[in-house]
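Worksheet: the structure to be examined is printed underneath.
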């Protein structure tokens, strides 16, 4: 695709930053439109309240970010971000009533960067804005699309800057990308232009979490860097605890809305002690707290089916959480956005006309796997609201048996980890080799 003149990305969270990086190779100018002011690198941004909570950059996401920003891993490690490359010593995963067997990193693909969301996002933003053809407008709201005089096309965005006395203005572009997150107003903008909004799929979960940071000491857990204790239908409490820069633990305790983790010292510790495995409690009962208790709620997984539309304006795309937003306890969001950035680059190489149809279809295939993982996992619980198909029931029964096999077999445990990290498709867990190990052990 020959270089086009101008692309606009609405939203400068991780999804918007990755969309802008993909576009920078194809457009003479890329402009990020962001309602917030960018904080110093490593500080949380006001418009990303979830940034204070525990985030995971899955293995596939890390690979893609390293390709887009070469040297990212080494740079962030130099800033103190730990790197997990010995899962047999550094990963503790309790699921299905037992610990997953320890496996080694023989193929070199099971290394993961342990970095906080503010540091990762700030670093990526710094690298992106260092490109000569990428700029950002901060403190600016996108009000709507500007239809082209040519039927069926968008030619820009209506904006208003937050500075006092600012008037509405039009910023013209060859392509507008909405990466504004799960609160995207694109369905309304489309309806205002006479287009049918996309069908939406929703699986309600109503989870409640509380995050707290602690000082990490060398003797904690014999050097382990990740502890995952999953919720189960019999004990609907879980935790994710990750090492991160600054010699800290970030810990999120998770329960359903009817049984939220408490936000006081005694109650928080009691909740941790009630988990199905003791590691989290054993660390935090004597650890130095570094933050207050930070609560959050997860209402639902939401997917907008833009790929099923038959009519859509040229010059406009939807990206990231505006396409599909996940229950964050699975850690899929940033890595799926990175996969969508690769999808966008692939389709831009094929040209601009019909881009929306090709991109939405390709991105839908990238979303299908994590959506299947998250939705089937959530629908194990009676509190979740969504369509429980025979396929979902089969998957959940199969996965319960697979976890039992993973307790004793490192090959099965590694295969599961590869799928959870988006390195392999779920179908790989049903191959003959895994089936044989599940049945005969």
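Here, each number is a calculation from the coordinates, and none is a lab measurement. Because the structure is a prediction, the values reported are computed rather than measured. Cβ placement follows ideal geometry from the backbone for every residue including glycine, while neighbour counts extend to all protein chains displayed.
Below, the figures for the structure above:
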quantity: Segments 101-113, 29-41, 331-343 sorted - mean Cβ within 10 Å per residue, highest first; calculated: 331-343, 29-41, 101-113
quantity: Distance between modelled label sites at residue 346 and residue 292, nm, 7 Å Cα→Cβ extension; calculated: 4.5
quantity: Antiparallel content of DSSP bridges confined to the chain, in %, to 5; calculated: 70
quantity: Förster radius 30 Å - calculated FRET efficiency between residue 235 and residue 411 (Cβ-Cβ, nearest 0.05); calculated: 0.65
quantity: Relative contact order, percent, the stretch 385-441 [alpha-carbon distance under 8 Å, six or more residues apart]; calculated: 29
quantity: Kirkwood-Stokes translational diffusion coefficient of the chain, alpha-carbon pairs, 20 °C, 1.002 mPa s, µm²/s; calculated: 94
quantity: Rg over Rh, two decimals, the stretch 283-398 (C-alpha only, Kirkwood Rh); calculated: 1.09
quantity: Value of D in µm² per second that Stokes-Einstein yields for the stretch 209-287, Kirkwood Rh from Cα pairs, at 10 °C (1.306 mPa s); calculated: 126
quantity: Over the stretch 242-317: Rg over Rh, Cα atoms, Kirkwood Rh; calculated: 1.23
quantity: All-pairs Cα distance distribution in the stretch 47-132, expressed in whole percent, bin size 10 Å; calculated: 15, 43, 30, 11, 2, 0
quantity: Estimated inter-spin distance, residue 201 and residue 107, nm [label 7 Å along Cα→Cβ]; calculated: 2.6
quantity: Burial ranking of peptide ranges 280-286, 178-184 (average Cβ count within 10 Å, highest at the top); calculated: 178-184, 280-286
quantity: Length-normalised contact order for the chain - Cα pairs under 8 Å, 6+ apart - percent; calculated: 21
quantity: Förster radius 35 Å - calculated FRET efficiency between residue 66 and residue 436, Cβ distance, rounded to 0.05; calculated: 0.50
quantity: Helical contribution to [θ] at 222 nm, DSSP H n ≥ 4, -39,500 (n - 2.57), averaged over the chain, rounded to 500; calculated: -10000 deg cm²/dmol
quantity: The stretch 212-303: relative contact order as a whole-number percent, Cα under 8 Å and 6+ apart; calculated: 33
quantity: FRET efficiency for residue 222 and residue 158, using Cβ-Cβ distance with R0 set to 60 Å, rounded to 0.05; calculated: 0.60
quantity: Largest-first ellipsoid semi-axes for the stretch 382-440, taking √(5λ) over the Cα gyration tensor eigenvalues, angstrom; calculated: 22, 13, 11
quantity: Listed peptides 268-274, 417-423 by packing density, highest first (mean Cβ within 10 Å); calculated: 417-423, 268-274
